[in-house]
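Here's the structure, in structure tokens; my notes come after.
The values are calculated or read from the model by the stated rules, or taken from the named source; none is laboratory data. These numbers come from a predicted model, not from an experiment. As a convention, Cβ positions derive from the backbone with ideal geometry for all residues, glycine included, and neighbour counts pool all protein chains shown. In case anyone asks, the SASA skips ligands and DNA or RNA and just uses the protein heavy atoms, side chains included. Shrake-Rupley method; radii C 1.70, N 1.55, O 1.52, S 1.80 Å.
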Amino acid sequence: MSSVTVEATRPYEVHVSPALDLAETVSATLSPGTAVLLTDSTVGSLHAPAAEEVLRCAGWRLLDTVTVPTGEASKSLSVYEEVVRGLARAGMPRGGTLFALGGGVVGDLGGFVASSYMRGIDFVQLPTSLLAMVDSSVGGKVGLDLPEGKNLVGAFLQPRLVAANLDWLETLPSREVSQGLAEVVKMGLLAGSEFFEDLARLEAAYAGEAEALQALILRSVRYKASIVVEDEREAGLRAVLNYGHTIGHGLEAAAGYDLPHGEAVAAGMLAAARLGSERFGTDLLPTHEDLLRAAGLPLEVPAVDVEMVLDAMGRDKKRRSCDQPGEYRFVLLRDAGRPERDVPVSTVEARRAIGAVLAG
Ligand SMILES: NC(=O)c1ccc[n+]([C@@H]2O[C@H](COP(=O)([O-])OP(=O)(O)OC[C@H]3O[C@@H](n4cnc5c(N)ncnc54)[C@H](O)[C@@H]3O)[C@@H](O)[C@H]2O)c1
Ligand SMILES: [Zn+2]
């Protein structure tokens, strides 16, 4: 098994394989037509020429490859404008297909372009980072950042197809591999049972072993897909995916977004494990530590102002507006595979849990 079907309103396949035959995979779903490839400058120089050639050989009329600068700053209105205008200049028709070759930035930006250019064109995700393979390319959330906050502009758009070639990961820096594995650890802890047991392969995945990577990516995609099809437009269930993210987002904001997301989430999960063991009596902290260590993640983050973390958590857009002041709502684990949503946590408890994951 090297693919997962996402049972969205219009179902689509997520293919994950080493030496993926991109021409065959794409042709099995879409008849060749007009296309534009979107990528970033890092991924573009490494992997775009091969992808272009494969698409052309499969019969696609590739109008252009649009390359945006590497990094989160490309999820902006100004880069969005450049990309849609690039499509217009290239003569991209309503029936065209946008292929997004890159990490979560290219996927989120490309998806938003595809959702809005001519009121919507077909979209194919070719995720090249581990985070994009396990997380951002599944679920249909696409969008941009504003100076006022991350992901404030967006849409829901399911791709026609996701095709991940594990060979692309060979050029991904190991610190980036860890950022993706943080989400794998999160989903394995939430899912429990066989997925949780398969987390024993984290060390091999971190070392780049294709079989371990493929197994964990497929499990993550299947798990995330199972949650998002139940809750395609984010009514509630999907909130479990926020495990470790309440404090994680607070840490990122307090660090001025200088902290990689996966490392912030790892610290957020450790803090949540402490809160969970206080609340439910099951001590999952050593388990969390072992898993995160195997994924090459640090067990603490550089010290930041705890009050700034709490302040940023208070402003988390996912928080329910009717919450009492000074109270936060967390996803906590009763045990592996037994998440509990909406657990009230006081400021005092949150402050203590955050303090425990700060260095020094
Ligand atoms: N839509 C969603 O549901 C969702 C979920 C999670 C995260 N996200 C978004 O995803 C983004 C983060 O994704 P990301 O971590 O992939 O960031 P990214 O796209 O910036 O990629 C990380 C870095 O790795 C490089 N890279 C990617 N693939 C590579 C490869 N094969 N070889 C060498 N270098 C490679 C990129 O150029 C970049 O420098 C954030 O903007 C976040 O908001 C979206
Ligand atoms: Zn995350």
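Candidates Leu190, Leu161, Leu166: the one that is aliphatic (A, V, I, L, M) and within 16 Å of the chain's Cα centre (by Cα) is Leu190.
Kindly state which helices (runs of 4 or more DSSP H) lie completely within the range 216-308 and contain at least 1 residues that are within 16 Å of ligand 1 (Cβ to nearest atom) and open to solvent by less than 50 Å² (accessible area, probe 1.4 Å). Before you say what the answer is, go through the steps one by one.
Values: elements: 245-254, 261-280, 285-294.
Those helices (runs of 4 or more DSSP H) span 245-254, 261-280.
For the range 1-38, a residue qualifies if it is open to solvent by less than 40 Å² (accessible area, probe 1.4 Å), β-branched (Val, Ile, Thr) and more than 18 Å from Leu166 (Cβ to Cβ), and the qualifying residues are Val6, Thr34, Val36. With the condition kept exactly as written, say whether any residue in the range 144-159 is outside the structural domain of Asp258 (by TED's automatic domain parsing), closer than 30 Å to Gly33 by Cα and among the basic types (Lys, Arg). No - not one qualifying residue is present in the range 144-159. Within the group Gly208, Gly180, Gly149, Gly143, which residue is modelled with pLDDT of 95 or more, over 18 Å from Gly107 (Cβ atoms) and open to solvent by less than 50 Å² (accessible area, probe 1.4 Å)? Selected residue: Gly208, the only one of Gly208, Gly180, Gly149, Gly143 that is modelled with pLDDT of 95 or more, over 18 Å from Gly107 (Cβ atoms) and open to solvent by less than 50 Å² (accessible area, probe 1.4 Å).
Within the range 70-106, which residues are assigned to a loop (DSSP other than H, G, I, E, B) and either under 24 Å from the mean Cα position of the chain (by Cα) or under 17 Å from Leu161 (Cβ atoms) (or both)? Break it down into steps so the answer makes sense when it comes.
As a first pass, look at the range 70-106 and keep what is assigned to a loop (DSSP other than H, G, I, E, B): 70-71, 75-76, 91-96, 103.
Correct list: Thr70, Gly71, Lys75, Ser76, Gly95, Gly96, Gly103.
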